[in-house]
């Protein structure tokens with residue numbers, strides 16, 4: 001388990017994510033440079049102003065964010081939850097979708113700093129994740145936390161600290177690697193199923209402006 005002080009989290013985590021998750025080869029040196037250069041300002045410590053994070057050109061920003069965030073942003077924009085990336089930071093939001101021929105409902109939500117993106121089935125009106133990805137939102141970027149499935153949970157990172165003061169982010173490298181592969185496949189599934197298409201039914205929507 002790797003343990004980082006909170007004030008180092010946002011420079012350390014993106015390098016671990018990028019190093020573990022990129023499919024293309026021969027990018028190690030590029031990633032090391034990014035972790036010391038462009039990516040350093042993109043992932044500022046919690047609480048610091050990071051307006052520049054949202055002003056990065058879109059093509060460049062996509063190299064920093066997870067595939068599941070890229071797909072989720074398209075879905076949120078398509079259904080009017082956000083108009084632009086900056087809206088992600090304006091408050092909490094919720095989107096519940098249904099498609100013809102699919103038993104599962106797709107839910108995308110932000111509560112506090114936590115992002116949830118997943119399929120749900122319902123048993124006696126009780127939602128059951130099948131599966132659900134939970135991520136930590138900071139300055140417009142989302143970081144892996146855990147995978148929730150029907151009968152198990154895989155934790156990739158979690159905060160610990162004395163007396164509830166969460167000073168350290170603990171990273172479980174093997175689970176982070178699993179999260180990376182899982183979120184990439186899940187993102188492809190959402191794209192292939194067309195959840196951003198007009199024929200998708202909106203069951204419930206709350207925008208950051210509501």
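Read the figures in this text as sums done on the coordinates, not as results from a lab. Just so it is clear, the structure is predicted and the values come from calculations on it, not from any experiment. Here the Cβ is made from the backbone with ideal geometry for all residues, glycine too, and neighbour counts use every protein chain on show.
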Between residue 191 and residue 60, the two model label points (7 Å from Cα along the beta-carbon direction) sit apart by a distance in nm of 2.3
So, with points 7 Å from each Cα along the Cβ direction, the residue 104-residue 153 label distance in nm works out to 1.9
Most packed first (mean Cβ within 10 Å per residue), the peptides 96-105, 133-142, 61-70, 183-192 order as 133-142, 61-70, 183-192, 96-105
In nanometres, the difference between 0.36 nm per residue of separation and the alpha-carbon distance of residue 74 and residue 111 is 11.4 nm
